[in-house]
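The values are calculated or read from the model by the stated rules, or taken from the named source; none is laboratory data. Please read these numbers as outputs of a predicted model, since none were measured by experiment. Neighbour counts run over all protein chains shown; Cβ positions are idealised from the backbone, glycine included. For accessibility, only protein heavy atoms count, side chains too; no ligands or nucleic acids. Shrake-Rupley method; radii C 1.70, N 1.55, O 1.52, S 1.80 Å.
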Amino acid sequence: MSTLTTALLAALPLLAGWIVHVWWLHRCLTTARRDPLTGLVTRDGFTRRATALLKDPRAVVVLADVDKFKQINDTHGHAAGDVLLKATADRLAHHVGRTGVAGRLGGDEFAAVLIDPHGTADDMLTLLHGVLARPIDGHDPAIHTTVSLGWVRAADFPADDLSGLLRRADEAMYAAKQARSGTRRAGLGRLFATVAGRRSGRAGARSGGPVGVAV
């Protein structure tokens, strides 16, 4: 047996151990980027995928917030709230599909980036709003609520990065929640003063001036 062959055979256990170690690290990283309750990517994983998707001019950024979530928790218990969050996540992920990404930012707040090849995002999100409001199969019909959606076309604000687009979608979502209109799109113009102060102290919050208008 040659010296080279002997060296290669001796290195095989080390190589196998390294491959297993790399696989384990990959699994740990993947798990860390997944929300344990909903299975959606967490903020870090969402940011990575969403940033890549925004290179497509057809990208649409969506922010979703469950209405009266605290009331569901208080009335039916936290287990019921978890069921609602899981159902919301599953429906959102299914609607976004494999070409987009959906993530849980925290609590009852979700975000998504989807590709709108036909310019029908308004109709798509109106349909999604109805789907998200449906009762959950196999559970108490009382465990359901609506979900307010705010959205923005990335092409409308080419200078904005993901953070800026999420802020605009967030403001439109809050306007939808206040008006109980279901969905709102952030467009060009001025946003209502009551919406410009969305979540005082939040990173990226606006203090006024020209921003997106919910239309």
* To do: Taking the residues in the stretch 134-168 that are surrounded by fewer than 23 Cβ atoms within 10 Å (Cβ to Cβ), outside any helix (DSSP H, G or I) and in contact with a strand residue (DSSP E or B) (Cβ under 7 Å, 6 or more places away or on another chain) as candidates, determine which candidate is modelled with the highest pLDDT.
  => R153
* Asked: Restricting the search to the stretch 107-117, which residues are within 15 Å of L132 (Cα to Cα) and either polar (S, T, N, Q) or crowded, with 20+ Cβ neighbours inside 10 Å (or both)?
  -> D108, F110, A111, A112
* To do: Please determine, by comparing only the residues of the stretch 38-72 that are small (G, A, S) and exposed (fewer than 15 other Cβ atoms within 10 Å of the Cβ), which one is farthest from L165 (Cα to Cα).
  => G39
* If you go through the stretch 140-168, how many residues are of a type in the set (G, A, S), in contact (Cβ under 8 Å) with a residue 60 or more places away in the chain and more than 30 Å from A79 (Cα to Cα)? -> 2
* Quick check: anything in the stretch 90-106 open to solvent by 20 Å² or more (accessible area, probe 1.4 Å), among the aliphatic types (A, V, I, L, M), assigned to a loop (DSSP other than H, G, I, E, B) and in contact (Cβ under 8 Å) with a residue 12 or more places away in the chain? -> no
* Structure fact -> Cβ pairs under 9 Å, 6+ apart or interchain, first in the stretch 169-180 and within 19 Å of A50 (Cα to Cα) and open to solvent by 50 Å² or more (accessible area, probe 1.4 Å), second in a helix (DSSP H, G or I) and acidic (D, E), ordered by first then second residue, are none
